[in-house]
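Chemist: I'd like to ask you about the structure that follows.
The values are calculated or read from the model by the stated rules, or taken from the named source; none is laboratory data. Please read all numbers here as calculations on a predicted model, not as lab measurements. Neighbour counts run over all protein chains shown; Cβ positions are idealised from the backbone, glycine included. In case anyone asks, the SASA skips ligands and DNA or RNA and just uses the protein heavy atoms, side chains included. Shrake-Rupley method; radii C 1.70, N 1.55, O 1.52, S 1.80 Å.
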Amino acid sequence: MTTWADLRVKATARLRDTAALAPETEARWMVERVSGYDGVELVVGEHEIATAPAIQHLDDMLARRAAGEPLQYVLGRWGFLGLDLLVDRRVLVPRPETEVVARTAIDETVRLGARRGAHDPWGAGATSFPVADLGTGSGAIAIALARDLPDVEVWATDVSDDALAVARANLAGVGSAATRVRLGRGSWFDALPDELRGHVRLVVSNPPYVAEHEVADLPADVADWEPRQALVSGPSGLEAIEAIVGAAPHWLDPAAAALVVELAPHQAAAVVRAATAAGFDDVRVERDLADRDRVLVARVGHPA
């Protein structure tokens, strides 16, 4: 009879022959997934007998990983700022760099006057901060904002129906915060209702910013598996960012608002120039956890 501990040992051995960078860790996560145990629970129950469906599920997961599929897709879920999100090939893998983008967007919204904290579904306060997450993908940024900022109403847009289906599934699992996230299909600002023009307090986006000539340099588990539409912007890699930066001033509240956009480190100077040319008052680039230029922050007006 095969126990969960036996499965973990066998999975580790199989993963050592793959591209897995941490076979033991990946094996543990996969066994947790198929067993239903989490962390300490698996340690306590590791000598229990594994079920036949779980063994087959693990075999399928290991085969997918051996074929080069990203671990996050194999597991079907991944963490983002404490959220447990559904992820698959319809959306990008949530990354630490984008967590920095989300934190920056949250901080900017607080600077503009929004409260930080859990939403009180019985509270009397009216939502007063329209926020747009353009190219929402899995919904990671939009959900993080709605969870941490009880005053915001988030408009999460994407041109991909597949991505919006994933975002919708993730919203179903986050409780009352989901009531303050609206999904819209369309390209960037085209998906927003016209009555928001000039009233949005913050726009945040993790747009495609890979140039076509850079695709060959991407890791195989990115280039071969993640949705190209969400990765590649065009010949320069700046097309999507420039479109967002150029249109944002028409949608942001001129009294006090901000734009937060993820970028590649080598694009920082060009994006700062574009934001300055678009009329933003205060333009800067924040660094990621690896101390690389990563997040454009462009402001208009001044908070009261």
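Chemist: Please identify, among Pro219, Pro70, Pro227, the residue showing maximal mean-square fluctuation in a Gaussian network model of the chain using a 10 angstrom Cα cutoff.
Modeler: Top of the fluctuation ranking is Pro219.
Chemist: Right, something else. Amide H of Arg182 versus every other amide H placed in the peptide plane: which residues, excluding those fewer than 5 positions away on the same chain, fall under 5 Å?
Modeler: HN-HN under 5 Å from Arg182: Val154, Trp155, Ala156.
Chemist: Give me the three principal axis extents of the stretch 101-210 from the C-alpha atoms, as integers in angstrom, largest value leading.
Modeler: The Cα atoms of the stretch 101-210 stretch 38, 30, 27 Å along their principal axes.
Chemist: Over the residues of the chain, compute the C-alpha Rg and express it relative to 2.2 N^0.38 Å.
Modeler: Here the answer is 1.09, to two decimals.
Chemist: Let me ask something additional. Roughly how far apart, in whole Å, are the Cα centres of the stretch 252-303 and the stretch 6-65?
Modeler: Cα centres, the stretch 252-303 to the stretch 6-65: 43 Å.
Chemist: Which percent, to the nearest 5, of DSSP beta bridges fully inside the stretch 150-304 are antiparallel?
Modeler: Expressed as a percentage, antiparallel bridges in the stretch 150-304 total about 50.
Chemist: Quick one: if the Förster radius is 22 Å, what FRET efficiency do Thr276 and Glu239 give, using the C-beta to C-beta distance and rounding to 0.05?
Modeler: 0.75
Chemist: Given a 1.4 Å probe, how much area per residue of the chain is accessible, in Å²?
Modeler: 46 Å²
Chemist: Run the simple label-point estimate for Asp162 and Glu286 please: 7 Å along Cα→C-beta, distance reported in nm.
Modeler: Roughly 3.1 nm, to one decimal.
Chemist: Going by a ≥ b ≥ c, the root eigenvalues of the Cα gyration tensor, does the stretch 146-201 fall in the rounded group (a/c under 1.5), the prolate group (a/b larger than b/c) or the oblate group?
Modeler: Oblate, because a/c is 1.5 or more while a/b does not exceed b/c.
Chemist: Could you work out what % of the accessible surface of the chain is carbon and sulfur, using a 1.4 angstrom probe and leaving DNA, RNA and ligands out of the count?
Modeler: Using a 1.4 Å probe with all protein chains present, the chain comes out at 52 percent carbon and sulfur.
Chemist: Using only alpha-carbon positions, what ratio does the radius of gyration of the stretch 242-295 give when scaled by 2.2 N^0.38 Å?
Modeler: Expressed relative to 2.2 N^0.38 Å, the Cα Rg reads 1.13.
Chemist: Out of the DSSP beta bridges found with both residues in the chain, what percent are antiparallel (nearest 5)?
Modeler: 45 percent
Chemist: With springs only between Cα atoms under 10 Å, which of Val272, Val34, Val181 fluctuates most in a Gaussian network model of the chain?
Modeler: Val34
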